[in-house]
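Contents: one structure, followed by commentary.
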Amino acid sequence: MEKEKQKEFERETIPYMDLLYNYALRMTNDEDEAKDLLQETYLKAFRFWNQFQNGTNSKAWLFQIMKNSYINRYRKEKKNGEKISYDNIEEFYETIKEKNIDESNVFNNFFSNILDDEVIEAIEKLPDEYKTSIILCDIEELSYEEISEFLQVPVGTVRSRIHRGRKILQNELLNYAKKKGYFI
């Protein structure tokens, strides 16, 4: 019975691993943290697989577990208040500034080849509810219904957030678009 449960779990969840990793990477901006978050998500999902209702959207269920795990981590870190000295930051910067970026890294490869710094910065400036909706819709290409399930908000709210987020990005990136020749 346990082996059957494992096969069912793998069949339902493994196809979404890359998608979840990419989303975790965008949330954390750190490869190791993204991998940890992905692992934590899959461990929780497997542990509570008996609570998953067959026939429902496993992708949305996994995203919900990841989102909750990320929020819990954020609250814990905020509560504990990790302190880093300026000397440590400066030393770290000096260590990494000469190293080449690993081009096999999906995240760096994607953003360095497709999105310029101005676009990334504009997305990062968005309020969280808009940023999450924009990333899930325009980058991860999830449907409004999947985003609605993931965020646990009505589809109309998803549409509104995406519309407003795109309007903010449009205003932020007007000069960028002119410079690139996309807009005259």
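The values are calculated or read from the model by the stated rules, or taken from the named source; none is laboratory data. Model, not experiment: these values are computed from the prediction. Cβ atoms come from the backbone with ideal geometry, glycine included; neighbour counts cover every protein chain shown.
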Listed by range, helices (runs of 4 or more DSSP H) wholly within segment 125-178 having at least 3 residues that are over 19 Å from Asn22 (Cα atoms) and more than 20 Å from the chain's Cα centre (by Cα) are 155-172
The residue that is surrounded by the fewest Cβ atoms within 10 Å (Cβ to Cβ), considering only those in segment 57-83 that are polar (S, T, N, Q) and at pLDDT 80 or above, is Asn68
Residue count, segment 146-167, condition hydroxyl-bearing (Ser, Thr, Tyr) and modelled with pLDDT under 90, comes to 1
